[in-house]
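Read the figures in this text as sums done on the coordinates, not as results from a lab. Since the model is a prediction, treat every value here as computed from it, not as a measurement. No Cβ is skipped: glycine too gets one built from the backbone with ideal geometry, and neighbour counts run over all protein chains shown.
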């Protein structure tokens, strides 16, 4: 994933952008950067690797190194950004969040048509933000260029541009898969992925960009440069997994959606008579916890935390590149509370089950510490397709997804013609899928939230939500 924050003020904007960008650290783990514009200095930029240190520690000297009345910052899981670009449209800083699935063909077409070049990275890869800028620069203006780039890109591209006059252009991706919100304060305006980031800095929301909408932000306000489109496909995982609890998207708060989601799962279990005799309900920390609280509140089974993640010194478990390293870090972080585990029937709610590798380690850890049984609930439907629009659940092969791999083992490729049945726990195929995963991961029982249930928990029409990774519908 990734996230960004920008501000255009009548005073120095570096402090706001430092804190605003830092509040997006949960969305990326590899690179952080800030670009600023000052009337005397012009455009400046600073980028750091944040794989082993948080954003704030790498940018704590930014107040001495940079100044500006306008600035943009970005947290990225992949390429370094923001980039400084000098082109026919002028000099500007740019950052982009999303993914370009057809990068190879875009690069080939661009090089053939222009005879130009790119700054290649290791292995010959091209920075996705630089590619986005190259597409924009083919047109005579930013609005036309952004629209052109977003039409050419297969995937998703939300864009922030800091111009050499201090104004900021913000463009939400064409189908609104990711959010962009605009706030206003006493001294200027800001733009953000996460709503709580600007609220903590004393900005108030004045606008949430629609799909494909483009605006210009200055200290005096916001000007629409291109209207939004009618079709929206905002990512459902914003609420179920990677959105921060304090944030709201399209008017729906993340934390309260997760409570509703857990309540709906408890209702489904009660109706089917599943998971009776449970001693404690718990979440697989951290994003599974609010789903579990909702489940516990509705089921009237006590909520407990049988193990705690030790986070003061250990990095996030998904940071290491190699799977065995991720598993090791995850194991070292889990500290048991034996009194809440030994001899207990436990039901855990996880935000999702993607590959299942770390979850298997967690269940073995619970049994090793005396659990009588471990039941598992996924707060979303089985993931059947690798995401091609964002960086969530991207895989080298869809066979890395435990649901799809299990279908292959049960029925071969013929099974992929019946994915709807496998997703539904009430069908024979659906029951077989859950039974097989239980055997693989040593669960006493397993159930997934239904598509209808998660749509109900979010509260937006299904036609406005991206559910591709569950049902393959674009």
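Both radii were evaluated on the Cα set of the stretch 36-168; the Rg over Rh quotient, with Rh as the Kirkwood radius, amounts to 0.97. Computed over all pairs of different Cα atoms, the Kirkwood value for the hydrodynamic radius of the stretch 159-233 is 12.3 Å. With everything on Cα atoms, drop me the angle between helix 289-299 and the longest principal axis of the chain, reported from 0 to 90° to the nearest 10. Roughly 40 degrees between the two axes. Over the stretch 122-267, Cα pairs under 8 Å with separation of 6+ residues give a relative contact order of 17 percent. To the nearest ten degrees, helix 254-272 and the longest principal axis of the Cα atoms of the chain are 20 degrees apart. Seen from a random direction on average, the alpha-carbon convex hull of the stretch 1-90 projects onto 5.8 square nanometres.
Each part reduced to its alpha carbon centroid, the stretch 413-434 and the stretch 117-155 end up 41 Å apart. In the chain, the ratio of gyration radius to Kirkwood radius, Rg to Rh, stands at 0.99 when only Cα atoms are counted.
Compared with the dominant Cα axis of the chain, that is its longest principal axis, helix 402-411 is turned about 50°. Using the rule -39500 (n - 2.57) for each DSSP H run of four or more residues, divided by the residues of the chain, the 222 nm mean residue ellipticity is -9000 deg cm²/dmol. Relative protection proxy for 11-22, 146-157, from highest mean packing down: 11-22, 146-157 (other beta-carbon atoms within 10 angstrom).
Our summary gives the chain a relative contact order of 12 percent, counting only alpha carbon pairs under 8 angstrom and 6 or more residues apart. Remark: the stretch 2-231 is approximated by an ellipsoid whose semi-axes, taken from the C-alpha gyration tensor as √(5λ), come to 25, 20, 17 Å, largest first. Modelled spin labels at residue 400 and residue 57, positioned 7 Å past Cα toward Cβ, are 2.7 nm from each other.
Between the stretch 354-392 and the stretch 171-238, the C-alpha centres lie 34 angstrom from each other. When peptides 212-218, 227-233 are ranked by their average number of other Cβ atoms within 10 Å per residue, the highest-first order is 212-218, 227-233.
Taking every DSSP bridge with both residues inside the stretch 252-471, close to 15 percent are antiparallel. The mean sequence distance of close C-alpha pairs (under 8 Å, at least 6 residues apart), as a share of the length of the stretch 411-474, puts its relative contact order at 20 percent. Per residue, the convex hull around the alpha carbon atoms of the stretch 252-471 comes to 127 Å³.
The modelled label-to-label distance between residue 49 and residue 271, using points 7 Å beyond Cα along the C-beta direction, is 5.2 nm.
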